[in-house]
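Novice: First the structure, then my questions, so here it is.
The values are calculated or read from the model by the stated rules, or taken from the named source; none is laboratory data. Please read all numbers here as calculations on a predicted model, not as lab measurements. Ideal geometry is used to build each Cβ from the backbone, glycine not excepted, and the neighbour counts take in all protein chains shown.
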Amino acid sequence: MVDKKPDPALSSLDDRLKKARAQTEDETAPVVKSSSYGTAMRIGVELVVGVVIGLLIGRLLDSWLDTSPLMMIIFLFVGFAAGVNNVIREHSRMQTEDE
């Protein structure tokens, strides 16, 4: 077997990489918080989109199954429930972020 000696340039590179990694791990990235206005807009959009998607799915199912307003009404409530669920989830995330 041939016993290879480590290349001094590689060991120097390894030492410099370890030093650079230690410095970047010490520096914490600043936390960027979204503005209140942006969060409120996103919550509103999520609520409206849930209702609209529910209406569209209900309308498509009504035309496919020929059950005129039934599926649209059911999926309106399902979309509303999904939108409210997203709002509650965002509120919980904001509360844990503040603590």
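Novice: From the list GLY54, GLY58, GLY83, exactly one residue is small (Gly, Ala, Ser) and farther than 30 Å from SER34 by Cβ. Which is it?
Specialist: GLY58
Novice: To continue, here is another question. Against the definition (among the β-branched types (Val, Ile, Thr) and surrounded by 15 or more Cβ atoms within 10 Å (Cβ to Cβ)), how does VAL52 come out, yes or no?
Specialist: Criteria not met by VAL52.
Condition check ((1) assigned to a helix (DSSP H, G or I); (2) modelled with pLDDT under 85; (3) surrounded by fewer than 12 Cβ atoms within 10 Å (Cβ to Cβ)) across all residues:
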{"position": "VAL2", "(1), (2), (3)": "no, yes, yes"}
{"position": "VAL31", "(1), (2), (3)": "no, yes, yes"}
{"position": "LEU47", "(1), (2), (3)": "yes, no, no"}
{"position": "ALA82", "(1), (2), (3)": "yes, no, no"}
{"position": "GLN95", "(1), (2), (3)": "yes, no, yes"}
